[in-house]
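The values are calculated or read from the model by the stated rules, or taken from the named source; none is laboratory data. All of these numbers come straight from a predicted model, not from anything done at the bench. Backbone-built Cβ (ideal geometry, glycine too); neighbour counts: all protein chains shown. These accessible areas exclude ligands, DNA and RNA; they are computed on the full protein's heavy atoms, side chains included. Shrake-Rupley method; radii C 1.70, N 1.55, O 1.52, S 1.80 Å.
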There are 4 protein chains.
Amino acid sequence: MIIVMKHQATSEEINAVIQHIETLGFQAHLSQGEERAIIGVIGDERPIEPEHFELLAGVERAVRILHPFKLASRDFHPADSVFKINGVSIGSAQVIVTAGPCSVESREQLRETAAAIKAHGAHILRGGAFKPRTSPYAFQGLGLKGLELLREARDEFHLPVVTEVLSPQEVTLVAQYADILQVGARNMQNFALLRAVGEIQKPVLLKRGMMSTLEELLMAAEYILAHGNSRVILCERGIRTFETATRNTFDINAIPVLKSLTHLPVIADPSHATGKWELVTPIARAAVAAGADGLIVEVHPDPKRALSDGAQSLTPEHFAQMVSQVRRVAEAIGRTV
Amino acid sequence: MIIVMKHQATSEEINAVIQHIETLGFQAHLSQGEERAIIGVIGDERPIEPEHFELLAGVERAVRILHPFKLASRDFHPADSVFKINGVSIGSAQVIVTAGPCSVESREQLRETAAAIKAHGAHILRGGAFKPRTSPYAFQGLGLKGLELLREARDEFHLPVVTEVLSPQEVTLVAQYADILQVGARNMQNFALLRAVGEIQKPVLLKRGMMSTLEELLMAAEYILAHGNSRVILCERGIRTFETATRNTFDINAIPVLKSLTHLPVIADPSHATGKWELVTPIARAAVAAGADGLIVEVHPDPKRALSDGAQSLTPEHFAQMVSQVRRVAEAIGRTV
Amino acid sequence: MIIVMKHQATSEEINAVIQHIETLGFQAHLSQGEERAIIGVIGDERPIEPEHFELLAGVERAVRILHPFKLASRDFHPADSVFKINGVSIGSAQVIVTAGPCSVESREQLRETAAAIKAHGAHILRGGAFKPRTSPYAFQGLGLKGLELLREARDEFHLPVVTEVLSPQEVTLVAQYADILQVGARNMQNFALLRAVGEIQKPVLLKRGMMSTLEELLMAAEYILAHGNSRVILCERGIRTFETATRNTFDINAIPVLKSLTHLPVIADPSHATGKWELVTPIARAAVAAGADGLIVEVHPDPKRALSDGAQSLTPEHFAQMVSQVRRVAEAIGRTV
Amino acid sequence: MIIVMKHQATSEEINAVIQHIETLGFQAHLSQGEERAIIGVIGDERPIEPEHFELLAGVERAVRILHPFKLASRDFHPADSVFKINGVSIGSAQVIVTAGPCSVESREQLRETAAAIKAHGAHILRGGAFKPRTSPYAFQGLGLKGLELLREARDEFHLPVVTEVLSPQEVTLVAQYADILQVGARNMQNFALLRAVGEIQKPVLLKRGMMSTLEELLMAAEYILAHGNSRVILCERGIRTFETATRNTFDINAIPVLKSLTHLPVIADPSHATGKWELVTPIARAAVAAGADGLIVEVHPDPKRALSDGAQSLTPEHFAQMVSQVRRVAEAIGRTV
């Protein structure tokens, strides 16, 4: 941590800051510039917030030097993390494709989707049983029945399954049915839930909050890692900006930035990132071109009858085209699908 | 809902949209403009999302006409809602001041703070027992012990208490100790938690998510109201923008806009909205000048020793000055403190 | 400037950075922490950008320590700047009210407006002659004819006049008619225009760009000051965020933050900040409560016939109410109107 | 335009709105829903703003139906626009690569860069002579001398040249030296400049403002087109969001969205979009994968001695790698470089 003193800070104020730093168990290192004094805090600063120092008299601001995350950092784990989930390797040279309906609606809908995505090359089946919905009046998912249908489709089509978990008390239940637990964008900083999924031994798909910084995403991953679960997959799914032409703004920069900051696999969700099925394929191609380790997309056999997110769902035919195009882009950069 | 067809939409496409509308149980109303056809959907559109129509062939976009919330809307409840909580009326002409430490740290810290804020005119005591923290390595709150200390201070100083609840399974416990349950900004769309606090009979202080629109805030309130709990207090606490000079951007426009859209009381949190104690008093004055029904601010007897949020905490002396200034502003617009 | 080296930076890399700093004429100051080396750059860092260092091998990031502005900074000019413009003092204890139509439309419209605002206590008349419009098909202002009408109204009602200038070659012309030149939000970083208004001797009203940081606003002011014109008035008029309920988000925090960073007067534009006339009065009260030195609002004798910005224009009656309410708030905090 | 009346609007209010619409020369079309009345405005709504209606009594809001741009719209010009500039076709199946230094610094620097980019496959040379800089103390470009050096390099290396123009009075001068005039992001809504470049017969490279919606970008293009210049190239260069890990957030969604809304060519600037040279190549690959018609990147023979934007400049070697990777991605989607 670097503490920048105000232009007119007195030597009493500077000394008080140094004493305060030492009281906290750190070493202080004063550097007197032409216009301002600067005080370095030597030691592991992670547990303290810069704001902590900003209320001391004479302090203008404090600047963090170290990233606040450690287990998630590539500094301490230089090699890529690769997880094997039921025979599928995430984080390797192969780009992993996850697909399926937004919500599980019926046995027929799920079987039809699973058969189609399997045929066209998907590796993992997604589907929502417990649905977070903005409106209390909207379809909230089939719940336990949805989990059972996912399990059936998983076993029939030999596809590992990912589904969302909404609250800590449902983690054990969902973990009995799913191969990967999803923490959704709106729950990225639901710390009770992060702790709960950190304490089980199933991989977690952690979606970036729509207004969360990359540092906050990595801190959310750090929660899970710090509670003992080392298999976290990060997912960029679009952030909220002033632009209203699309549902979200897909932060493509996030992909190479995350790959440089962390060893964890990074995948992309072009369905939520755009909100429109016509945009899913170009953005899927872009995500892979930028270095994403996988994709997660919504597919529905009849999008206009979907109970949620129809507008951003691909038909099986469009999904087949997307996989074919994405495969060519992956090969152009030395990867496979 | 209004459905805008594409420039070149065919009459087959228009007819298919009309049939789809009728299949859903609504009436359709076609209006052929010079450049485009427009189709109105007649009926209660709240359960459907505009995106639902955007994947039909020939549709350019669909625009919602009604607000998606109903119980929270002033249209259906024109008079202000006023709640009485242990003798304190929220939503009336009196501006209610809630104050206390970010985290409950010890009996002494809490008693000292409670005594000071009571002496300077606060109506409600705040304090965190279960703390949502961005870092897993930061102080996470005293938990149950914190609740007990809050209860003691409540009884000794005759101040109703508000504290945050982080997960559905803790709602019953927290409700035994607190007079008002707070749902924090990061949990504003934790729908499992919204449902849980909707099912108890304690008032809820619902903070706006830093990334949430006013419509989403009102939809979160609608969840609580729809589950049977009619006492929801809304709180503007700053949103996230590109500006980094302050921790958040306090959306002062939100106060008069919310007051026009909903009958629920609206309060302001200038501590989180700014992140700096020097800014708390001017922003508190502004919030009251704009029509806020109350304030919630962080106060600590010794901010530089605070275990969290010290930089934005007022000392008891600064709190006294704030109350005095806010009182004069309230009187200037015909209210009291 | 502080340069943070990467975790694994070698001593060769560190030495190369030190040499590079010294080549630029600065002193370097190395501080070896537990995890990283930090290098301080001693000297006036204002002409260099932090990014300049970020491409040196082994550098993680560079952090600016000094604000990049100097003439605008309160550090170097601690007392408030107060400008006298035709007998009106801006930056003093009196809150200055500027009002008038968005566009000058006709002699009658302008006279009627000027008479009304004068009667209700305004100090300065505003009106657009050259209008920046998003659409090439919208009314672009009366141009020179508008300037002449402003001059007439100025002389008849003894009100100094402020009007916008859109391009460098029009500065001399506009300066012949107006007492204050406005640089609009969309031109805040039109550096050719900033230079041109820096070279004349008329006060400048500089509006914050809708997505400009406060630091960028102060740098734009620095351009004008550095070219010799010391009379710059800053104006917060709302920023662009994800919220769509209002035209812009009024950044109320900006007012006390700017007042602490700079000696220049700071005024508020609640008309553009909200886009809706019903919100203008509560936001005007809030701005004054937060410490604004003045207000600028749009007034039109018949807003529904306005050629631009009718929705956010006050009628003369509403303007009178606004002034009366704002006056009471100003008095509550020890100021006058 | 659709006008949504308030829940409790009276029939007098509805009639007054209808009369007002008819006074403006449009037809009105009333549709009485269960909860609200809706009034359609029939006719070319482009010259009116929705806000115009929002101040009429009883109106809740007005919603634009048509895009406000016409000449830029694909609705009225379905085929892609392809421009031939000195033998280079922009908007065709070939992805066009523009490269060069941020600022022209010297004859040697420019010749060295031009030779290198030509050798590695670039089609157009970029270089700044008049530089828009945030700080008045930073290098402002070589001005006329820079234009002369660009012309020399253009003729020696047979590369068309693009350079930025900062003010209307410089348009004629810059047009004598450059093949394409760039309007920079900060000037995207400098309407005086848009008019001036609309009146010459040189192609214009129009960069999206960092705070501008896609609709505003297309309206800025409409200004140029409406003044008679049909050759406008749009450029996505990153927008400003809350994320601070990169200089800007590259809005990759903008590429397919723009390609669907307009017939104009769309290129991408991964240098400004990221601010870091390491990110330029992955984002360049992504932009092409998403459908961009070209790239514009900063290249400098010795980035750490660059007078501006060194951190985001590629060396000639990195540029060669970028072109080679981008070429493979282009071929994967059926295009060339």
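Overview of values
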{"item": "Ascending list, in nanometres, of distances separating the D:Glu331 label from those of the other copies (7 Å, Cα toward Cβ)", "result": "1.1, 8.1, 8.1"}
{"item": "Lys/Arg +1, Asp/Glu -1 at C-beta; chain C dipole; positive extreme among C:Gln189, C:Thr274, C:Pro316", "result": "C:Pro316"}
{"item": "Residue list for region A:108-128, given a label point 7 angstrom along the Cα-to-Cβ vector of A:Glu152 and an amide N cut-off under 12 Å", "result": "A:108-112"}
{"item": "Between C and B, accessible area buried - total, square angstrom, nearest 100, 1.4 angstrom probe", "result": "2600"}
{"item": "Using θ = phi - 60° and Karplus 6.51 cos²θ - 1.76 cosθ + 1.60, couplings along region A:108-114 (whole Hz; Gly, Pro as x)", "result": "5, 4, 6, 5, 4, 5, 4"}
{"item": "Minimum Cβ-to-axis distance in chain D for the rotation onto chain C, with residue, whole Å", "result": "D:Met211, 1"}
{"item": "Near-label residues of region D:30-59 by backbone N, under 15 Å of a point 7 Å along Cα→Cβ of B:Val63", "result": "D:30-31, D:37-55, D:59"}
{"item": "Within 10 Å of each Cβ in D:251-263, the average number of Cβ atoms from other chains", "result": "6"}
{"item": "B:Val59 long-range amide H proximity, modeled H, under 5 Å", "result": "B:Lys6"}
{"item": "Share, in percent, of DSSP beta bridges within the protein assembly as shown that are antiparallel, nearest 5", "result": "40"}
{"item": "Computed magnitude of the charge dipole of region B:78-152 (debye, nearest 20; Cβ of K, R +1, Cβ of D, E -1)", "result": "100"}
{"item": "Mean-position separation - Cα centroids, region B:16-72 and region B:305-337, in angstrom", "result": "48"}
{"item": "Greater than 23 Å apart at Cα, pairs in A:Lys131/B:Lys70; C:Lys131/D:Lys6; D:Lys84/D:Lys131; D:Lys70/D:Lys202", "result": "C:Lys131/D:Lys6; D:Lys84/D:Lys131"}
{"item": "Selected from D:Ala153, D:Met211, D:Ser92, residue furthest toward positive end of dipole (region D:82-227; charges at beta carbon)", "result": "D:Met211"}
{"item": "Rounded tilt (10° steps) of A:11-23 against the dominant C-alpha axis of chain A", "result": "50"}
{"item": "Solvent-accessible area, 1.4 Å probe, carbon plus sulfur percent, for region A:1-125", "result": "50"}
{"item": "Shielding score for B:133-142, defined as the mean number of other chain Cβ atoms within 10 Å", "result": "6"}
{"item": "Residue of D:Val63, D:Val326, D:Val204 that the Gaussian network model of chain D assigns the largest fluctuation, springs spanning Cα pairs under 10 Å", "result": "D:Val63"}
{"item": "Ranked order, B:Arg133, A:Arg208, B:Arg61 - accessible area, probe 1.4 Å, largest first", "result": "B:Arg61, B:Arg133, A:Arg208"}
{"item": "Antiparallel DSSP beta bridges within chain B, as percent of all bridges there, nearest 5", "result": "40"}
{"item": "Evaluated over region C:296-337, the Cα radius of gyration and Dmax, each in Å", "result": "12.6, 39"}
{"item": "Total charge dipole magnitude, chain A, about the Cα centre, Cβ charges on Lys, Arg, Asp, Glu only, Debye to nearest 20", "result": "1080"}
{"item": "Distant-in-sequence amide H partners of A:Ile239 (H built 1.01 Å from N, under 5 Å)", "result": "A:Thr249, A:Phe250, A:Asp251"}
{"item": "Average beta carbon contacts from partner chains per residue of A:43-55, 10 Å cutoff", "result": "5"}
{"item": "Loop-resident sites, region B:294-335, for trypsin sites (Lys or Arg not before Pro), counting at most 15 other Cβ within 10 Å (DSSP)", "result": "none"}
{"item": "Diffusion constant of the protein assembly as shown at 4 °C, which comes from Stokes-Einstein with the Kirkwood Cα-pair radius and 1.567 mPa s, µm²/s", "result": "40"}
{"item": "Sum of -39500 (n - 2.57) over DSSP H runs of 4+, divided by residues of chain C (222 nm, nearest 500)", "result": "-10000 deg cm²/dmol"}
{"item": "Farthest positive-ward along region B:5-154 dipole, Cα basis, beta-carbon charges - from B:His52, B:His20, B:Pro136", "result": "B:Pro136"}
{"item": "Acute angle (nearest 10 degrees) that the helix D:316-332 long axis makes with the longest principal axis of chain D, alpha-carbon atoms", "result": "50"}
{"item": "P(r) weight above 28 Å for chain B, C-alpha pairs, percent", "result": "46"}
{"item": "C-alpha center-to-center spacing [region A:100-177, region B:111-161] in angstrom", "result": "42"}
{"item": "Peptides C:255-267, D:139-151 ordered by average Cβ neighbours within 10 Å, highest first", "result": "C:255-267, D:139-151"}
{"item": "For region D:30-150, the spread of Cα positions along each principal axis, largest first, Å", "result": "73, 42, 22"}
{"item": "GNM result for chain A, Cα springs below 10 Å: residue of A:Ala119, A:Ala28, A:Ala185 fluctuating most strongly", "result": "A:Ala28"}
{"item": "Kirkwood Rh in Å, taken over region A:100-212 so that all alpha-carbon pairs contribute", "result": "14.3"}
{"item": "Rounded to whole Hz, the Karplus (6.51, -1.76, 1.60) HN-Hα couplings of region C:53-63, x for glycine and proline", "result": "8, 6, 9, 6, 4, x, 8, 8, 6, 10, 10"}
{"item": "Calculated label separations, C:Glu60, copies of the chain, 7 Å along the beta-carbon direction, nm", "result": "2.3, 5.0, 5.1"}
{"item": "Accessible area expressed per residue, region D:113-179, with surrounding protein chains retained (probe 1.4 Å, Å²)", "result": "34"}
{"item": "Inter-copy spacing of B:Pro47 label points, which lie 7 Å from Cα along Cα→Cβ, given in nm from shortest upward", "result": "4.6, 5.3, 7.0"}
{"item": "Residues of region B:256-273 with amide N under 19 Å of a point placed 7 Å along Cα→Cβ from C:Ser324", "result": "none"}
